[in-house]
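Peer 1: Below: one structure in structure tokens.
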DNA sequence: GATGAATGAGGATTCATTCAT
DNA sequence: CATGAATGAATCCTCATTCAT
């Protein structure tokens with residue numbers, strides 16, 4: 001459908017040139033139509049952006065959540081769960097490179113109107129992550145202090161991996177993911193001894 | 001000096017709106033002059049950008065390197081050195097927020113002409129970091145395998161902290177820096193036992 | 001009927017924004033349909049305009065003529081006839097505010113194609129008005145000179161009232177109408193003495 | 001000067017096509033420059049309009065006031081003063097046809113932002129006219145009632161002449177002006193007997 | 001009858017840049 | 001050093017119109 005072509009084209013451009021660099025003409029060309037036609041589907045540039053941005057955030061969130069819910073229900077051990085958490089997120093980004101790059105570009109030089117959506121999303125994600133970590137770690141007999149520290153640690157590793165998506169190739173990212181997982185599990189084990 | 005005003009104004013704009021969002025008129029206004037006057041100091045928009053970008057990268061590199069050389073020469077223990085490495089980088093970014101945000105914006109949606117400079121810089125920095133880590137860890141009797149793992153770990157923590165600069169306030173960044181340092185040292189200690 | 005809705009919507013827009021300000025999209029929205037649908041009823045924007053314009057002029061002319069014919073046939077005295085002439089015109093405009101405002105907007109900044117219609121209408125109206133005034137005044141025993149002067153005077157009062165429709169409210173317009181009538185009758189009486 | 005050329009060109013276009021019909025490109029062409037250059041002198045289309053509109057209103061007001069002050073000071077009789085009032089206004093409009101037509105076009109289909117300026121101006125003009133009429137008529141020994149009637153009558157004649165500017169040629173306008181003056185004086189004389 | 005989808009032309013405005021002063 | 005004045009190209013967006021459904 002034309003609308004999807006527009007959204008896709010916009011996504012690619014946001015990924016490589018940011019919001020300001022993605023002109024309506026370029027987006028249209030990428031979608032195989034003329035610039036004027038975009039306005040049949042979207043009120044203006046901002047509305048197109050908002051719809052796309054929101055969609056990208058939703059998709060990512062939904063995917064990660066679904067994947068984790070699945071694992072949590074299956075009653076696996078901590079190691080498997082943490083491994084799944086990291087590889088799910090990492091895989092998602094590796095397989096949705098354009099979305100991820102667009103997301104990063106938009107987060108780091110966000111058009112003003114993106115900021116509320118973004119803030120909202122980050123809050124939701126943080127909240128979800130916190131409660132998910134609680135579920136993962138609930139049988140590990142950790143003190144509050146220990147629990148908080150390990151949570152912060154996990155977030156730090158995820159953020160590190162995320163930033164590295166900008167530079168490293170698949171191979172290296174996979175390796176860094178393993179390092180992160182390994183490290184977290186290692187620390188967890190030490191705590192329990 | 002006027003030239004510095006121009007560079008400063010450009011930096012602020014790159015930080016908040018990215019390369020495409022920073023028009024010559026806006027830069028000029030921020031510098032208290034008219035757009036035409038910029039051309040007395042810079043051949044064109046690209047030249048201005050290049051000079052500024054190069055300068056920002058240099059400054060950062062030079063600062064971190066100087067700071068680490070100082071510590072390395074003073075023959076402190078591993079802990080101090082790692083602590084210095086992290087807090088130097090972290091402090092620099094916290095105190096040069098505009099430069100950092102501009103850097104991030106430009107890295108994540110880089111105008112084509114920035115890419116060689118960027119690649120070049122990253123290579124140099126990686127190289128320097130690797131050799132510096134070698135110096136820091138040289139007395140710790142690590143196997144090659146262990147050395148590599150811990151290097152990757154350190155880089156991962158640095159990258160995590162860097163990405164978090166986008167969202168967290170000073171307080172939280174400081175805390176996350178402490179978490180990073182704490183765990184690296186912890187891991188190092190475990191390896192040695 | 002849809003066609004009437006379109007004409008009505010166009011009328012409102014011509015009244016408030018003139019010909020250039022009345023886009024097909026706005027007209028359609030006002031009629032509760034999509035712009036494309038207008039083309040089922042009208043060949044193009046110009047044809048819609050022409051039909052509407054002609055209709056507005058006709059209606060007004062027909063109304064005033066009908067009303068005056070009625071009075072003329074009833075064989076009233078001069079005063080009543082002049083009073084009727086003025087109040088008929090004045091009332092019509094007050095009760096057809098949109099038509100009147102559209103008419104004024106179109107007369108004062110007329111799209112080229114409107115000008116022949118307009119010229120035609122004005123000629124007809126002038127002609128009718130002249131012959132009507134002749135009928136009204138025929139029993140007043142006026143010299144040609146006197147007759148011409150009083151005709152010009154009447155036209156001048158009508159034009160004054162018409163222009164004032166742009167600014168004054170109903171109340172004031174009614175009052176000014178009375179002033180005009182009073183003045184004309186006064187002058188007429190003086191002539192006869 | 002270029003700025004004046006722009007204002008002049010805009011004036012002509014407003015006169016013939018109204019605000020909506022006067023595109024920046026057309027205005028620029030009339031001024032012998034390119035559309036982009038207009039923005040060096042005016043912030044945007046609205047600002048250009050406002051400046052021009054205000055200027056037109058001021059000029060007219062100032063001219064009429066100056067002219068009347070002159071006559072009032074010279075202590076002429078009523079007849080001369082009324083004659084001067086009408087011919088001054090009439091002459092001004094006949095000699096500033098473009099300004100007048102632009103004024104009419106803008107008043108009858110006014111862009112929203114023009115309305116406060118317009119309202120303001122009309123109030124000022126009304127006020128001035130009222131007080132001027134008071135000065136003109138002060139020695140005529142009129143009752144309040146009579147004074148008010150004759151004031152309204154004068155305004156009505158002026159409005160009629162103004163509207164007729166849209167259609168009649170110079171010759172006819174002059175004649176109608178004479179008719180108006182003649183009748184006002186006539187009415188005044190009758191009152192005094 | 002009505003609309004979804006599309007477009008070429010033109011609208012206002014911004015942009016980087018030039019050049020004479 | 002700095003700017004006033006100018007512009008071609010590109011920006012976002014609206015317009016009237018078409019055509020298949």
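Peer 1: Would you mind finding the one in C:59, C:76 that is touching a helix residue (DSSP H, G or I) at 6+ places or on another chain (Cβ under 9 Å), assigned by TED's automatic domain parsing to the domain that holds residue C:141 and either without any contact (Cβ under 8 Å) to a residue 40 or more places away in the chain or crowded, with 20+ Cβ neighbours inside 10 Å (or both)?
Peer 2: C:76
Peer 1: Also, I was wondering about something else. Quick one: is residue B:159 without any contact (Cβ under 8 Å) to a residue 40 or more places away in the chain and within 11 Å of another protein chain (Cβ to nearest Cβ)?
Peer 2: yes
Peer 1: Does residue C:71 count as closer than 26 Å to residue C:167 by Cα, under 22 Å from the mean Cα position of the chain (by Cα), assigned by TED's automatic domain parsing to the domain that holds residue C:178 and more than 16 Å from DNA strand E (Cβ to nearest atom)?
Peer 2: No: the conditions fail for residue C:71.
Peer 1: Suppose we filter the range D:13-47 for residues that are within 15 Å of residue D:99 (Cα to Cα) and either within 15 Å of DNA strand F (Cβ to nearest atom) or in contact with a strand residue (DSSP E or B) (Cβ under 6 Å, 6 or more places away or on another chain) (or both); how many remain? Quick ask: steps written out before the conclusion?
Peer 2: Filtering the range D:13-47 down to residues within 15 Å of residue D:99 (Cα to Cα) leaves D:13-19, D:22.
Next, only the ones that are either within 15 Å of DNA strand F (Cβ to nearest atom) or in contact with a strand residue (DSSP E or B) (Cβ under 6 Å, 6 or more places away or on another chain) (or both) stay: D:17-19, D:22.
Residues that pass the stated criteria total 4.
Peer 1: Hey, another quick one. Looking only at residues in the range D:80-122 that are exposed (fewer than 15 other Cβ atoms within 10 Å of the Cβ) and modelled with pLDDT under 90, which one is farthest from residue D:58 (Cα to Cα)?
Peer 2: By that ranking, first place goes to D:112.
Peer 1: Among residues belonging to the range B:130-150 that are out of contact with any helix residue (DSSP H, G or I) (no Cβ under 7 Å at 6 or more places or on another chain) and within 14 Å of chain A (Cβ to nearest Cβ), point out the one that is surrounded by the fewest Cβ atoms within 10 Å (Cβ to Cβ).
Peer 2: B:145
Peer 1: Which of (1) within 9 Å of another protein chain (Cβ to nearest Cβ); (2) assigned to a helix (DSSP H, G or I) does residue D:166 not meet, given it meets every other one?
Peer 2: Failed condition: (2).
Peer 1: Here's another thing I want to ask about it. Among the numbered criteria (1) more than 16 Å from DNA strand E (Cβ to nearest atom); (2) more than 20 Å from residue A:166 (Cβ to Cβ), which single criterion is violated by residue B:108?
Peer 2: (2)
Peer 1: Wholly within the range D:2-121, which helices (runs of 4 or more DSSP H) include no fewer than the required count, namely at least 1 residues that are within 14 Å of chain C (Cβ to nearest Cβ) and more than 27 Å from residue D:158 (Cβ to Cβ)? Before you say what the answer is, go through the steps one by one.
Peer 2: Working: elements: D:2-21, D:24-31, D:35-41, D:45-73, D:78-95, D:97-108.
It comes to D:2-21, D:24-31, D:45-73.
The values are calculated or read from the model by the stated rules, or taken from the named source; none is laboratory data. Keep in mind that this is a model prediction, so the values were computed, not measured. No Cβ is skipped: glycine too gets one built from the backbone with ideal geometry, and neighbour counts run over all protein chains shown.
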